[in-house]
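Some notes on the structure that comes next.
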Amino acid sequence: QVHLMESGGGLVQPGGSLNLSCEAIRSIFRLSTMGWYRQAPGKEREMVAHITIKNVARFGGFVKGRFAISRESGKNTVHLQMNSLANEDTAVYFCYLDESARRYWGPGTQVTVSS
């Protein structure tokens, strides 16, 4: 069983930054691909970023160099640094972990970009 704990969401002004964190809690440690999706009201869930066990990162097309994803060395804890946030980035951000063809999801953290 895997439990994901997200933190770092909140309210930020346009142009501001936020850092989201996600920690995977599990009984048996194993490095896994982890990442983030987001879902805005009335829209489909979309991929934000992920990082593989070899620390290869991939981002959604809308990111355009504004975000960075990193993993704490040897851990299933990832951070999503988001810069130059815009109103369109307002959404619930969900962390996920992939293992054995199964995807585990966190409960989500709200990010609101507003002046």
Return yes when Leu85 is open to solvent by less than 60 Å² (accessible area, probe 1.4 Å), in contact with a Pro (Cβ under 7 Å, 6 or more places away or on another chain) and over 22 Å from Val2 (Cα atoms) and no when it is not.
yes
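Residues are listed down the side, and each one gets a yes or a no for (1) outside any loop (DSSP other than H, G, I, E, B); (2) aliphatic (A, V, I, L, M); (3) free of Cβ contacts under 8 Å to residues at least 40 places away in the same chain:
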position	(1), (2), (3)
Met5	yes, yes, no
Leu11	yes, yes, no
Gly15	no, no, no
Leu20	yes, yes, no
Leu31	no, yes, no
Trp36	yes, no, no
Glu44	no, no, yes
Met47	yes, yes, yes
Note on segment 71-106: residues in contact with a Cys (Cβ under 9 Å, 6 or more places away or on another chain) and outside any strand (DSSP E or B) are Asn76, Gly106
Could you figure out which of (1) of a type in the set (S, T, N, Q); (2) surrounded by 15 or more Cβ atoms within 10 Å (Cβ to Cβ); (3) assigned to a loop (DSSP other than H, G, I, E, B) isn't true of Thr112?
(3)
Just checking, which of His79, His50, His3 is open to solvent by 60 Å² or more (accessible area, probe 1.4 Å) and more than 15 Å from Gln110 (Cβ to Cβ)?
His3
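Conditions tested, residue by residue: (1) of a type in the set (D, E, K, R); (2) modelled with pLDDT under 95.
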{"position": "Ser27", "(1), (2)": "no, yes"}
{"position": "Ala40", "(1), (2)": "no, no"}
{"position": "Met47", "(1), (2)": "no, no"}
{"position": "Glu72", "(1), (2)": "yes, yes"}
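The values are calculated or read from the model by the stated rules, or taken from the named source; none is laboratory data. Since the model is a prediction, treat every value here as computed from it, not as a measurement. Reconstructed Cβ throughout: ideal geometry from the backbone, glycine too, with neighbour counts over all protein chains shown. Areas reflect the complete protein model, heavy atoms only, side chains present, ligands, DNA and RNA absent. Shrake-Rupley method; radii C 1.70, N 1.55, O 1.52, S 1.80 Å.
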